[in-house]
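The values are calculated or read from the model by the stated rules, or taken from the named source; none is laboratory data. In this text, all values refer to a predicted model and were calculated from it rather than measured experimentally. Don't worry about glycine lacking a Cβ; one is built from the backbone with ideal geometry, like all the others, and counts go over all protein chains shown. For accessibility, only protein heavy atoms count, side chains too; no ligands or nucleic acids. Shrake-Rupley method; radii C 1.70, N 1.55, O 1.52, S 1.80 Å.
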Amino acid sequence: AENTYRQVLRSRPSDAAAYHGLAICLARQGLNEAALYCYRCVLQLEPNHAEAHANVSVLLSHEDRLEEALQHALVAVRLQPQTAVLHANLARLLGLLGRSEQAMALYDVALQLDPELAQARMARGMLKLLLKDPSGFEDYQARFLLQPALRVPGQRFRGEDCHGKRVLLFAEQGY
């Protein structure tokens with residue numbers, strides 16, 4: 001796909017869609033600077049390209065350029081306010097910047113838009129737990145949706161009497 005996008009750009013150097021496709025290919029290969037260059041070309045050609053703003057935000061955040069990433073995330077949300085994942089990305093950035101209350105509010109918005117967005121539910125749970133709010137454990141259960149390998153066979157313990165029953169304890173490391 002990368003070669004195809006490059007060929008298109010040789011013949012049509014103002015093709016925003018080709019720059020966008022190439023940027024995605026480069027980002028998947030970990031070539032972030034090259035991907036950022038292509039996304040910036042997209043944004044020069046189409047300043048209101050919400051997905052490009054969102055992807056620039058993610059790439060910049062991976063390089064700890066959080067304030068710059070935040071600006072692109074804000075634009076993406078402004079352009080597509082009904083897209084839950086964009087609110088979740090903005091919330092993640094605000095959390096990283098220590099703006100927990102704003103982050104929590106945006107996770108709530110993301111989950112109102114898409115109650116099944118597991119990444120937002122888990123991240124909101126983690127933020128609640130960091131803020132010493134035990135209700136975060138409920139949201140944190142979404143990690144099982146994101147990481148199926150963490151699922152264990154059998155029923156979950158819900159506080160019922162387990163006298164005379166076998167209990168399988170499953171420890172998680174790193175959580």
Next item on the list: Please go through the range 31-86 and pick out each residue that is over 13 Å from the mean Cα position of the chain (by Cα) and among the acidic types (Asp, Glu).
Entry: 33, 46, 63, 64, 67, 68
Margin query: Can you tell me which of (1) out of contact with any Gly (no Cβ under 7 Å at 6 or more places or on another chain); (2) part of a helix (DSSP H, G or I) is the one residue 47 doesn't meet?
Written below: (2)
Checklist line | So residue 74, is it open to solvent by 60 Å² or more (accessible area, probe 1.4 Å) and closer than 19 Å to residue 110 by Cα | finding: yes
Check: Looking at (1) open to solvent by 30 Å² or more (accessible area, probe 1.4 Å); (2) at pLDDT 95 or above, can you tell me which one residue 89 breaks?
Finding: (1)
Checklist line | Single condition residue 108 does not satisfy, out of (1) among the acidic types (Asp, Glu); (2) open to solvent by less than 80 Å² (accessible area, probe 1.4 Å); (3) in contact with a helix residue (DSSP H, G or I) (Cβ under 7 Å, 6 or more places away or on another chain) | finding: (3)
Notebook entry, point to check: What do you reckon, is residue 121 open to solvent by 50 Å² or more (accessible area, probe 1.4 Å), over 27 Å from residue 39 (Cβ atoms) and either over 16 Å from the mean Cα position of the chain (by Cα) or of a type outside the set (Phe, Trp, Tyr) (or both)?
Noted result: yes
Notebook entry, point to check: Which of the residues belonging to the range 50-71 are open to solvent by 20 Å² or more (accessible area, probe 1.4 Å), of a type in the set (S, T, N, Q) and closer than 26 Å to residue 139 by Cα?
Noted result: 55
